[in-house]
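Written out below as C-alpha cells is the structure these notes cover.
The values are calculated or read from the model by the stated rules, or taken from the named source; none is laboratory data. On a predicted model such as this, the values are computed, not experimentally measured, just so you know. Virtual Cβ from ideal backbone geometry, glycine too; neighbours counted across all protein chains shown. Protein only, heavy atoms only, side chains kept; ligands, DNA and RNA dropped before computing areas. Shrake-Rupley method; radii C 1.70, N 1.55, O 1.52, S 1.80 Å.
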Amino acid sequence: MRRLRMGMIGGGPGSFIGPIHRIAAELDREIELVAGVFSSDAARSAQAGESYRIDPTRAYPDLDAMFAAERARADGIDFVAIVTPNHHHLPAARAALAAGLPVISDKPATATLAQARELAGHVAAAGLPYALTHTYSGYPLVREARARIAAGALGAIRKVVVEYPQGWLAGEASGKQAEWRVDPAKSGPGGCIGDIGTHAFQLAEFISGLKVTEILADLGAVVPGRPVDDDCTVLLRFENGARGVLLASQIEVGEMNGLRIRLYGEKGGLVWKQEVPNTLTLHTLDGRTEVIHAGGAQLGPDAASRTRTPTGHPEGYLEAFANIYRDFAAVLRGEAAPLLPGIEDALRGMTFVDTAVTASKARAGWTALTV
C-alpha cells in the first residue's frame, strides 16, 4: 500500500506549525509531504521546499500552479493540508475542494462564522473528506476518558471544567506568530477564544459526549490597545443539564500550555492535563483514586491502538497530532474513523466563537448556541 501524497498550503520560512504538520503526517509512514505552496512569495515558497527536502519543482508559487501541475502528474498529491493564518483557510479549502482534493486544516476552520457556513456548503457539494486538526482529541488518554464516560464510569455528567492558560501574549505581541493572532483582519473577530478557546470547547464536548446548548461569555482585551480578546471566561450549559466553565487566557504570566479538563458525574470524576498527558486520574464516589497510564493493559481498544510505546515511555503532542493524521489517512483509504474532527466540529467551533464574541460585547447574559 503506497503512502498518501500530501500538498501543504502555508508553513513557509519561520512557521511553527508547518514543520509540526509534516512530522505528524509522516510519523506512521502513511503519508509523505511531496509538494506545496508554502508562501505567497514564490522565493520563500521555494526556500521552504528546500527545508522540507522535496523536489524543487514541486514548491509552487500559487495554488493554481500547484493544482494544475499536480493534476498532470501520475504521482500527484492526494490531499492538501492548510496550515496558514485563519483568513486564508476558506479560500485555500474552497480552491482545493474545487480541484477535487480532500482537505485537512488547522483550527479554527475559518476566520468567521459566515465563512464556516460557506465552507460547509463547499464540503457538502464536493463530497470529499474534510478534517480539522483538533490535536488534543488525538491523545490516547483523551480517547480513553471519552470511552469510559460513554461506558458510564462517571454516571450522568454534572460538571465540566476546562482550562487553557497561556502567558505568551501578556506583553506586546511581537513576532510573526503573535502578530497575526491579534490582528482581526487575519485571526477573525475572536483572538484567544478562537486560537485556544476552540480547543477547550471541542475537548469539553469530545470527552463528555455532550453538546453545549447555552453560554454566558465574558471576553476581555486585557493588554491596552489590543483589538481582540486575550482573556476569556465562559459559563457553559450542556444538553443534559450539566453546568461547565471554560477558561482560556493568553495573559497569565508564567503559564505555558496548561490545558486541563475535569469532568464530574454522579459516580466519580476524571482529570487529564495536557502538560502531563500520559496519566488520567479517575476518582470514585467511595473515595478510591485510580491512575491510568498511557500504554497500560487496562486501556480500551481505541486508546490502545493510538499508543506507540510501552508504559513509562512518554508520548506527547507530536504523537497526538499524528493520530489525527492516521485517522485522516484511514478515511482517505475508505476506512472508518468516527472520532476524527470534521466539518460539524468546524461549524460548532465557529458558532461558539461568534456567539461568545457577540454576546460578551452586548453583555447579553445566557445565550443559546445554535449551529
For the stretch 297-311, indicate whether the set of residues that are in contact (Cβ under 8 Å) with a residue 40 or more places away in the chain, in contact with a strand residue (DSSP E or B) (Cβ under 8 Å, 6 or more places away or on another chain) and under 22 Å from Phe201 (Cβ atoms) is non-empty. no
Hey, can you tell me all the residues within the stretch 119-144 that are surrounded by fewer than 23 Cβ atoms within 10 Å (Cβ to Cβ), of a type in the set (A, V, I, L, M, F, W, C) and not in a helix (DSSP H, G or I)? Leu128
Can you tell me which of Ala99, Ala74, Ala81, Ala46 is open to solvent by 60 Å² or more (accessible area, probe 1.4 Å) and modelled with pLDDT of 95 or more? Ala74
Pull up the stretch 11-51, narrow it to residues that are in a helix (DSSP H, G or I) and charged (D, E, K, R), then point me to the one that is farthest from Asp106 (Cα to Cα). Glu50
The stretch 145-162, residues that are open to solvent by less than 40 Å² (accessible area, probe 1.4 Å) and either within 15 Å of Arg260 (Cα to Cα) or of a type in the set (Ser, Thr, Tyr) (or both): Ala145, Val160, Val161, Val162
Sort out which residues of the stretch 239-254 are crowded, with 17+ Cβ neighbours inside 10 Å and more than 20 Å from the chain's Cα centre (by Cα), and write them in order of number. Ala242, Gly244, Ile251, Glu252
Hey, can you tell me all the residues within the stretch 49-71 that are closer than 23 Å to Glu319 by Cα and either among the basic types (Lys, Arg) or open to solvent by 30 Å² or more (accessible area, probe 1.4 Å) (or both)? Ser51, Arg53
Some residue of the stretch 174-182 being more than 24 Å from Val212 (Cβ to Cβ), open to solvent by 10 Å² or more (accessible area, probe 1.4 Å), in a loop (DSSP other than H, G, I, E, B) and of a type in the set (Asp, Glu): no
Selection over the stretch 52-64 where residues are closer than 21 Å to Ala99 by Cβ, more than 26 Å from the chain's Cα centre (by Cα) and part of a helix (DSSP H, G or I) yields a count of 3
Quick one: is Gln202 at pLDDT below 95, in a helix (DSSP H, G or I) and open to solvent by 10 Å² or more (accessible area, probe 1.4 Å)? no
Residues of the stretch 103-118 being in a helix (DSSP H, G or I) and not charged (D, E, K, R), in sequence order, are Leu113, Ala114, Gln115, Ala116
What are the pairs with Cβ atoms under 9 angstrom where one residue, in the stretch 335-351, is of a type in the set (Asp, Glu) and the other, located anywhere, is part of a loop (DSSP other than H, G, I, E, B) and crowded, with 18+ Cβ neighbours inside 10 Å? Sequence gap at least six, or different chains. Asp345/Lys107; Asp345/Ala109; Asp345/His134
